[in-house]
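The values are calculated or read from the model by the stated rules, or taken from the named source; none is laboratory data. Keep in mind that this is a model prediction, so the values were computed, not measured. In this analysis, Cβ positions are derived from the backbone assuming ideal geometry, glycine residues included, and neighbour counts consider all displayed protein chains. Side chains included, ligands, DNA and RNA excluded: accessible areas come from the protein's heavy atoms. Shrake-Rupley method; radii C 1.70, N 1.55, O 1.52, S 1.80 Å.
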Amino acid sequence: MQSYTLIAPAKINLYLEIIRDRPDGYHELLMILQSIDLADRLEICSHGTQDFRLTCSNPQVPTNETNLAYRAAQLMKLEFGEAFANYGGVDITIDKRIPVAAGLAGGSTNAAAVLVGLNLIWELGLTIPELQRLGEKLGSDVPFCIAGGTVVATGRGEKLVPIGDLNSLWVILGKYKSLAVSTAWAYQTYRQQFSHEYISDHAVVTSRISKVHSDPLIQAISHKDNHKIGQLLHNDLEKVVLPEYSQVMKLRAILEQIGGLGTMMSGSGPTVFTLCQSQQEAENIKNKARQAIFDPDLELLITKLSSTGIQVV
Ligand code: ATP
């Protein structure tokens with residue numbers, strides 16, 4: 001019986017631009033993804049029988065075949081039938097610390113951890129790019145979650161180019177526990193309301209993507225210009241999520257007013273984050289936000305930006 005413990009970090013989006021529709025039904029995106037220290041912990045333990053069993057500390061998370069970590073295990077079984085026959089299934093235990101349906105890639109990072117864990121338990125010797133190609137089949141954020149860091153992501157989020165590292169910065173995450181935003185809803189609503197703004201000319205799209213590395217935010221990241229980074233945060237999905245969720249809009253406005261380098265919604269929300277130069281600054285902003293919003297449903301977490309993806313303990 002073999003067992004591995006894996007740390008599966010969450011991500012925030014420093015930048016999210018929706019460029020256009022793709023023929024496969026997804027959107028063409030331009031994003032800057034950033035790993036953070038807030039992470040789930042997964043135990044993956046081989047037991048020699050021919051099935052996968054999954055448990056999760058958070059009752060909100062499904063433990064059946066709709067769980068993305070479970071689907072990752074099934075994908076590995078399908079792709080590596082011989083290894084499954086030799087080594088058998090595993091127990092997957094998720095200690096969930098990342099808020100669920102929060103725009104923090106909680107499910108994707110769990111799937112990434114299962115790919116990494118089974119690669120070890122089944123002694124497959126797959127490289128990170130090979131694991132990332134498998135991850136693409138599970139979800140757009142899974143390839144990023146495997147290696148993590150500060151990364152420009154294009155395509156539907158699976159084409160990754162690492163840029164710099166911002167792990168001296170801190171972040172406050174604000175999320176109402178009872179609020180969840182469906183990623184599918186956010187993108188569909190964006191399509192309904194803003195598809196007239198999509199770039200239709202293929203040459204313009206290619207040129208936009210090829211010039212991405214001269215974008216001001218990417219330049220600011222490579223020069224470690226923290227104030228510029230804070231000013232240049234951007235997320236197109238705010239245009240649909242904030243008007244629908246007034247609490248999130250208010251939280252964002254309050255955090256922005258209190259201070260820090262910059263405030264933005266992560267992914268499809270509803271988590272809002274504020275970047276800070278130090279832990280002390282983050283603590284001060286958190287205390288002020290707590291005084292401004294007396295609501296026990298509001299969770300405020302402080303964590304650091306990180307340069308790592310899935311780690312084996
Ligand atoms: P993303 O930022 O990648 O869009 P998210 O952080 O917004 O993701 P998740 O936490 O991944 O959202 O949860 C989205 C939905 O996926 C949840 O409502 C939950 O039912 C389902 N889900 C399936 N597997 C998991 C998992 N391992 N962890 C969390 N949620 C999961």
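Points worth noting:
- All conditions in (1) open to solvent by 20 Å² or more (accessible area, probe 1.4 Å); (2) on the phi < 0 side of the Ramachandran plot hold for Ile146, with the sole exception of (1).
- Filtering the range 113-135 to residues that are more than 15 Å from Thr308 (Cβ to Cβ), in contact with a Gly (Cβ under 9 Å, 6 or more places away or on another chain) and open to solvent by 10 Å² or more (accessible area, probe 1.4 Å) leaves only Asn119.
- Selected residue (criterion: most open to solvent (accessible area, probe 1.4 Å)) from residues of the range 251-290 that are without any contact (Cβ under 8 Å) to a residue 24 or more places away in the chain and over 14 Å from Leu300 (Cα atoms): Gln257
- Which listed residue, of Ser222, Ser214, is of a type in the set (Ser, Thr, Tyr) and in contact (Cβ under 8 Å) with a residue 12 or more places away in the chain: Ser222
- Listed by first and then second residue, the pairs with beta-carbon distance under 9 Å, at least 6 apart or on different chains, first residue in the range 177-188 and modelled with pLDDT under 95 and near the ligand (Cβ under 9 Å from one of its atoms), second of a type in the set (Asp, Glu) and open to solvent by 70 Å² or more (accessible area, probe 1.4 Å), are Val181/Glu244.
- The residues on offer are Ile199, Ile172, Ile209, and the sole one that is more than 16 Å from the ligand (Cβ to nearest atom) and in contact with a Phe, Trp or Tyr (Cβ under 9 Å, 6 or more places away or on another chain) is Ile172.
- Filter result (more than 19 Å from Pro270 (Cα to Cα), open to solvent by less than 60 Å² (accessible area, probe 1.4 Å) and β-branched (Val, Ile, Thr)) within the range 161-197: Ile163
- Hits in the range 1-28 - residues which are within 14 Å of the chain's Cα centre (by Cα) and either at positive phi or within 14 Å of the ligand (Cβ to nearest atom) (or both): Ala8, Pro9, Ala10, Lys11, Ile12, Asn13, Leu14, Leu16
- Some residue of the range 17-24 being under 29 Å from Ser222 (Cα atoms), among the acidic types (Asp, Glu) and touching a residue at least 40 places away in the same chain (Cβ under 8 Å): yes
- Failed item, numbered, when Gln60 is tested on (1) more than 15 Å from the ligand (Cβ to nearest atom); (2) at pLDDT below 95; (3) over 30 Å from Ala203 (Cβ atoms): (1)
- Single condition Ser108 does not satisfy, out of (1) of a type in the set (Ser, Thr, Tyr); (2) part of a helix (DSSP H, G or I); (3) over 17 Å from the mean Cα position of the chain (by Cα): (3)
- A Cβ distance below 8 Å, combined with a sequence gap of six or more or placement on separate chains, defines the contacts here; from the range 65-78, residues that are on the phi < 0 side of the Ramachandran plot reach residues that are open to solvent by 80 Å² or more (accessible area, probe 1.4 Å) and part of a loop (DSSP other than H, G, I, E, B) in the pairs Arg71/Glu65; Gln74/Glu65; Leu75/Lys137.
- Residue count, the range 266-285 (criterion: part of a loop (DSSP other than H, G, I, E, B) and more than 13 Å from the ligand (Cβ to nearest atom)): 2
- Among the conditions (1) within 12 Å of the ligand (Cβ to nearest atom); (2) of a type outside the set (Gly, Ala, Ser); (3) open to solvent by 30 Å² or more (accessible area, probe 1.4 Å), Ile92 misses just one, which is (3).
- If you filter the range 37-52 down to residues that are modelled with pLDDT of 95 or more and open to solvent by 60 Å² or more (accessible area, probe 1.4 Å), you find that the one that is farthest from the ligand (Cβ to nearest atom) is Asp37.
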